[in-house]
Structure formats: C-alpha cells, structure tokens
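Heads up: the structure comes next, in structure tokens.
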Amino acid sequence: MPNLWQRFRDLLPDDPLVVGTIRANPGDGTRVVELLDGGALRVTGSGSVGDKVFVQGGRITGDAPDLPQVDIEI
C-alpha cells in the first residue's frame, strides 16, 4: 500500500506562486517584495515600487491584479 502522506505531499508545488508588492529597488537588478503575510523577499526581476507582482522560485513572473485583500478567520 502506498504512503498516503507522501502522495499528498507530491501534489504540492516545490516553489509556490505568491503575490506581493514591490517595496524597494536596490539598483542591482533585484527587488524587495513584501508578501501578503508581511514577510519580505529579495527577488530578481523588473517592476516599479508599488506594483503588485507574482513571485515564484526567487523571481518575478508577472504582474498581479490589484485586488482587495480579505482575511477570514476560522
């Protein structure tokens, strides 16, 4: 019988796609992106301060829509 936990983990991506806002441009080809949970990442890519972007694998993969965030506690 296969390990069900391992099969479940195999479904999850290694590098999840996250959304964040560019907060700084250090000038070396990287950007500092603030994630929705308040964390920050230094990633490669282009964009201007204040832009919402998709980040995956340490790089900006594209522009994200500027939608409102809603937090629901369960």
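The values are calculated or read from the model by the stated rules, or taken from the named source; none is laboratory data. The structure presented is a predicted model; accordingly, all values stated were derived computationally and were not measured. Positions of Cβ are generated from backbone atoms using ideal geometry, with glycine treated the same way; all protein chains shown enter the neighbour counts. The accessibility values were calculated without ligands, DNA or RNA, using every heavy atom of the protein model including side chains. Shrake-Rupley method; radii C 1.70, N 1.55, O 1.52, S 1.80 Å.
Considering only the stretch 1-24, how many residues are surrounded by 10 or more Cβ atoms within 10 Å (Cβ to Cβ) and either modelled with pLDDT under 90 or among the small types (G, A, S) (or both)? Residues flagged as surrounded by 10 or more Cβ atoms within 10 Å (Cβ to Cβ) and either modelled with pLDDT under 90 or among the small types (G, A, S) (or both) within the stretch 1-24 amount to 3.
Results for (1) acidic (D, E); (2) in a loop (DSSP other than H, G, I, E, B), shown as yes or no for each residue.
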{"residue": "Q6", "(1), (2)": "no, no"}
{"residue": "D10", "(1), (2)": "yes, no"}
{"residue": "D14", "(1), (2)": "yes, yes"}
{"residue": "P26", "(1), (2)": "no, yes"}
{"residue": "V32", "(1), (2)": "no, no"}
{"residue": "R42", "(1), (2)": "no, no"}
{"residue": "G47", "(1), (2)": "no, yes"}
{"residue": "D66", "(1), (2)": "yes, yes"}
{"residue": "V70", "(1), (2)": "no, yes"}
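Just one of the numbered conditions (1) within 13 Å of the chain's Cα centre (by Cα); (2) open to solvent by less than 60 Å² (accessible area, probe 1.4 Å) is not true of R59: (2).
The residue that is least open to solvent (accessible area, probe 1.4 Å), counting only those in the stretch 25-41 that are within 25 Å of D71 (Cα to Cα) and charged (D, E, K, R), is E34.
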